[in-house]
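Each remark here refers to the structure printed beneath this line.
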Amino acid sequence: MKLLALSLLVAFSAQAQQTLEATGRWQHRPVGTALTPPMGWSSWNAFRVDITEQKVLDSAKVIVDSGLAKAGYRSINIDDGWWLKRRSSDGRLLVRTGLFPSADAGAGKDSSLRPFTDRIHAMGLKAGLYTDIGRNACSQAYDADSPNLPEGTHAEREVGLMGFMKQDVALFFGEWNFDYLKVDGCGLSSYGRERPHVASGQYREFKPTIVEGSINQSDIEGTKKLYAGLRQALHEVRPRGDYVLSVCLWGTVNVRSWGQDYGTMWRSSRDIWKGFAQMVHNFDTVATREFYAGPGRWNDPDMLEIGNGDFGDAHLTEARTHLGLWAIVAAPLMIGTDLSKVSPAIIDILKAPEVVAINQDPAGHQGVLAYADSDRQILVKTLADGPEGNRKAVLLFNRTSAPAKFTLTAEHLKMDAAAPIALRDAWKRADAGTFVGKREFELQAREALLFTASGKHALSRGYYVSERPGSVYVARDGIRALEQDPVVYRALASWSATDNGGTRPAYAGWGGPRADSTPYDQALSVQRRAFRHGIGVLADSRLQVQVAPGSQRFMASVGVDDSTRGKHAAVSFEVWGDGRRLASTGPMAFDQPARELGADLRGVALVELVVRQHGADPAGPVVVTWGEARIE
Ligand code: GAL
């Protein structure tokens, strides 16, 4: 009976997640705890599988001694390469004690990473570990020549979570006392029968349920189910939620849309590496996903490469750009270099207090694109109000290899064009003057300038919903057919060459709601009336918006966007407050003027913005605009 009730509840809540009907309660349930983006160090970008306990401890020591820990980098994460085998008698995972000597508990005793985590905890740090949601890990598929791969029979080498979820999670978070777990997905993607390591009989076949590059061949629901099991197992071992779960599915299987419900953070793209173009690619995969992140849920463009290659000592501009970009989009900051070897200049960049403070701002809003062309971008991130009142962080990014001119305007900042705006340079930690209306900048090749800006808000009262994306939960995006996002820079992968047909758009999520843009990256416009501020979304959608206490009124100018694909079906706009319908438009069609929609918000904590489509539209999705959506 209890079981039945539980499964009904689960079925109901899964449905409630996607229904168009307002639920009246904030639907995001955090997985683990990270009110600001997680920060730390991880072994992978520095050492790949050539990892030892000593190397990890050496970097941990620098983390403490150099002040990086004080700056916030506290999680010390072991990535792939730590395991020896899964013991066949009882399924217990054994540590490769040759590499992790403290795990050797002596003859006849089980190896244990507890001495390691105790040591890390005694340093005032947190400890992270790595595993895979499938049977096998990534290194077994991609680092086949490494001497550090799991050993033994097929079953002994199956070190991933599949079939051992509860046991492994209890080991990692109970007995071993880790605080952070990264869960990769190669077990689901890289053990098809055609792979050499499977064809040779070395590993058991697992028919891929994640097909990189093909969203339609990937099993989205099956993947979610596995991560739901993991979420449950974690909840049982750590009911207080004192952990971080990092979902690593490289932006495949539409994880950019559902990651927030299954992890504390989720990778939005393939692996970063130390080339500038790859870093830009990774950045692009989060830059348009502002409504999918917020306190407790973070888009993850991957670990930092600062200190390596294009971001090393000879390239401090690029190193600063990399950190500035990760700061403005509130990305997790995981250092990925051998800290025992880096220069003081790199440490200083990583520590930059005002840059890290922008990343760690307690309001937890991701920066929003205020200007973009293929070469230049301006992103603006709303910060928690300080004594100066209305504050934003703003980043100007020159993506090219030549100097470039920028004009920053008050409108980019959603500030009053007639009042002074004070800038402070986050890198120089110095005031950078005030301007009225606009200001010109010239940036060096690959440079990103990062400022905080204080000024009078463009609205005499209140704010635009699009400037507080962390207060929005996408309960239903209106997407019917998944499509890959074409606006991500298509860099050549480090492991690839031009001997194939090209690097294709790879990540589903195209058509998701956007701040100050349509879902397909057009300017917002209803019957030729342009809106610089607002929300663009597809019809048959529901957005939840947490409103600040004391809010009085919601206002917007709504209609079918001029860029719509479907031009035939009518839509109606509804505003709900705490589960009650407050206002609606009735049916509206393409090429009708925007209608004003207002709702009294006194006493309301949760607004839901619903767009209902009336009938099918054979031409495609109906694109709608909540123009100037704002809260007074
Ligand atoms: C990849 C993952 C990397 C690293 C590696 C380990 O799938 O994206 O960040 O964890 O596996 O083999």
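The values are calculated or read from the model by the stated rules, or taken from the named source; none is laboratory data. Treat the numbers as computed from the prediction; the structure is a model and nothing was measured. All Cβ positions, even for glycine, are placed from backbone atoms using ideal geometry, and neighbour counts span all protein chains on display. Accessible surface is based on the protein model in full, side chains and every heavy atom, while ligands, DNA and RNA are left aside. Shrake-Rupley method; radii C 1.70, N 1.55, O 1.52, S 1.80 Å.
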So what does Glu467 come to for accessible area, using a 1.4 Å probe and Å² rounded to 10? 10 Å²
Compute the FRET efficiency between Ala402 and Lys341 as 1/(1 + (r/R0)^6), taking r as their Cβ-Cβ distance and R0 = 30 Å, and round to the nearest 0.05. 0.40
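Mind checking the full-extension length gain between Glu151 and Gln202? Use 0.36 nm per residue of separation minus the Cα-Cα distance, one decimal, nm.
Stretched out fully, the Glu151 to Gln202 stretch lengthens by 17.3 nm.
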Two-site label geometry, Ala417 and Lys70: point separation in nm, points 7 Å out along Cα→Cβ: 4.6 nm
For Leu482 paired with Arg504, estimate the spin-label separation in nm (one decimal), with each label point 7 Å from Cα along the Cα-to-Cβ line. 1.4 nm
Count the lysine pairs in the range 340-483 whose Cα atoms lie under 16 Å apart, taking only pairs 8 or more positions apart in sequence or on different chains. 11
The simple spin-label model distance between Val436 and Ala105, using points 7 Å out along Cα→Cβ, in nm, is 7.2 nm
Given contacts defined as C-alpha pairs under 8 Å and at least six residues apart, what's the relative contact order of the chain, whole-number percent? 12 percent
For the range 314-361 the trypsin sites (Lys or Arg not before Pro) that pass both the DSSP coil test and the at-most-12 other-Cβ-within-10 Å test are Lys341
Accessible surface of the chain [probe 1.4 Å, protein heavy atoms]: carbon and sulfur percent: 52 percent
For the chain, would you read off the P(r) tail past 49 Å as a percentage of all alpha carbon pairs? 11 percent
Any idea what the dipole of the chain comes to, in debye rounded to 20, about its Cα centre with Lys/Arg Cβ at +1 and Asp/Glu Cβ at -1? 1080 debye
Computed for the range 395-470: size of charge dipole around the Cα centre, +1 on C-beta of each Lys and Arg, -1 on C-beta of each Asp and Glu, debye to nearest 20, value 140 debye
Can you give me the convex hull volume of the Cα atoms of the range 387-513, divided per residue and expressed in Å³? 170 Å³
Determine the sum of side-chain charges near Ser66: Lys and Arg each +1, Asp and Glu each -1, restricted to other residues whose C-beta is under 11 angstrom from that of Ser66. +1
For Glu158 the rounded accessible area (nearest 10 Å², probe 1.4 Å, non-protein molecules ignored) is 20 Å²
Ranked highest first by average number of other Cβ atoms within 10 Å, how do 82-88, 105-111, 308-314, 491-497 line up? 82-88, 308-314, 491-497, 105-111
Chain lengthening between Gln54 and Ala445 when straightened (0.36 nm per residue, less Cα-Cα): 136.9 nm
Mean ellipticity per residue at 222 nm, deg cm²/dmol - from DSSP H runs of n ≥ 4 across the chain, formula -39500 (n - 2.57): -5500 deg cm²/dmol
Accessible area per residue, 1.4 Å probe, Å², for the chain: what's the number? 38 Å²
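How would His197, His315 line up by accessible area, probe 1.4 Å, largest first?
His315, His197
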Add +1 for every Lys or Arg and -1 for every Asp or Glu among the other residues with Cβ under 14 Å from the Cβ of Arg320, and state the total. -4
Roughly how many Å² of Asp361 are accessible to a 1.4 Å probe, to the nearest 10? 10 Å²
Quick one: dipole size for the range 37-110, taken about the Cα centre, charges +1 on Lys/Arg Cβ and -1 on Asp/Glu Cβ, in debye to the nearest 20. 140 debye
For the range 12-81, the charge dipole (Cβ of Lys, Arg +1; Cβ of Asp, Glu -1; about the Cα centre) points to a positive end, and the Cα of Ala71, Ser43, Leu57 closest to that extreme belongs to Ala71
If the chain between Arg376 and Glu221 were fully stretched, how many nm would it gain, using 0.36 nm times the residue separation less the Cα-Cα distance? 52.1 nm
Unpartnered Cys in the chain, judged by a 4.7 Å Cβ-Cβ cut-off, are Cys248
A correct Karplus calculation of ³J(HN,Hα) over the range 279-293, with 6.51 cos²θ - 1.76 cosθ + 1.60, θ = phi - 60°, whole Hz and x for Gly and Pro, returns 4, 5, 4, 4, 4, 4, 6, 10, 4, 10, 10, 4, 7, 9, 10
For the range 58-103, build the convex hull from the C-alpha positions and give me its volume per residue in Å³. 94 Å³
